[in-house]
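The values are calculated or read from the model by the stated rules, or taken from the named source; none is laboratory data. None of these values were measured; they are calculated from a predicted model. Cβ placement follows ideal geometry from the backbone for every residue including glycine, while neighbour counts extend to all protein chains displayed. Each accessible area value is taken on the protein alone, full model and side chains, heavy atoms only, with ligands, DNA and RNA left out. Shrake-Rupley method; radii C 1.70, N 1.55, O 1.52, S 1.80 Å.
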Amino acid sequence: EDYDGIIVAGDTFGIEGMDEELAELLKKEAKCPVVSIRQKDERFSNVLVDDYTAMCTMVEHFIVHHGFKRVCFMTGKLEMYDAQRRLLAYINTMKRHGLQVTSDMIYEGDYWRNRGDEAVEWLLKDPDNWPEAIVCSNDYMGIAVCNALNKRGIKIPEQICVSGFDDVEDSRYSIPPLTTLELKCEDIGASAFTLLEELHATKEAKKNTL
């Protein structure tokens, strides 16, 4: 009851169900504006990243700049809004360039480091039809994929290119350093605070910022 505003980064919680439990508590108890960042929550106002356009740019880079035709994709948790948007961007970009997407070209990950081996096993199961690039929905999965490829003696980027999304610090120290897209965390934080001030002043119920 003492807060003037609350900003929630639900996608950073490592405990299963914690984000939903907190969101329900805030919906019930918070008397102030609540802003969710990066993760869309219909109960609150949101500051969201334009995941769709950014991921289209990454996938198109491999198709247009490198001339690749078999670009595979590792998603995040598909119950999450940003994971859905990034997957849709991949599928639509491939289709826009006349490239087929089949189920064996997509592996569902969990936005963390522990599924790299399973993803590589899935995407490389046909030895005659390896991906030319594996686009990952975030950097931690991209790093895990690089580690799994390195373990198998597969050269990056000579044999398979890998990319991530978010430009986390660890991506610079991956072997090799991970191709990624930088999100300006400072801009997200500043936008969230500006939106919070606006909601507090105007008493508006909800508002979203992209």
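The table below lists the values:
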| read-out | value |
| --- | --- |
| Given (1) closer than 19 Å to residue 188 by Cα; (2) assigned to a loop (DSSP other than H, G, I, E, B), number of the condition residue 16 does not satisfy | (1) |
| Test result for residue 111, open to solvent by 50 Å² or more (accessible area, probe 1.4 Å) and under 12 Å from the mean Cα position of the chain (by Cα) | no |
| Counted residues, segment 28-42 - those being within 29 Å of residue 167 (Cα to Cα), in contact (Cβ under 8 Å) with a residue 12 or more places away in the chain and not in a strand (DSSP E or B) | 4 |
| Residues satisfying the stated conditions in segment 54-78, i.e. among the polar types (S, T, N, Q) and under 20 Å from residue 11 (Cα atoms) | 75 |
| Any chance residue 148 is aliphatic (A, V, I, L, M) and over 25 Å from residue 110 (Cβ atoms) | no |
| Looking only at segment 38-97, and only at residues there that are acidic (Asp, Glu) and open to solvent by less than 30 Å² (accessible area, probe 1.4 Å), the one that is nearest to residue 179 (Cα to Cα) | 51 |
| Every residue from segment 165-188 that is in a loop (DSSP other than H, G, I, E, B), in contact with a Ser or Thr (Cβ under 9 Å, 6 or more places away or on another chain) and of a type outside the set (S, T, N, Q) | 165, 167, 168, 177, 178, 181 |
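A quick yes/no check of all residues on (1) at pLDDT below 95; (2) of a type in the set (Val, Ile, Thr); (3) open to solvent by less than 30 Å² (accessible area, probe 1.4 Å):
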{"position": "119", "(1), (2), (3)": "no, no, yes"}
{"position": "127", "(1), (2), (3)": "yes, no, no"}
{"position": "139", "(1), (2), (3)": "no, no, yes"}
{"position": "175", "(1), (2), (3)": "yes, yes, no"}
{"position": "182", "(1), (2), (3)": "yes, no, no"}
{"position": "185", "(1), (2), (3)": "yes, no, no"}
{"position": "202", "(1), (2), (3)": "yes, yes, no"}
{"position": "206", "(1), (2), (3)": "yes, no, no"}
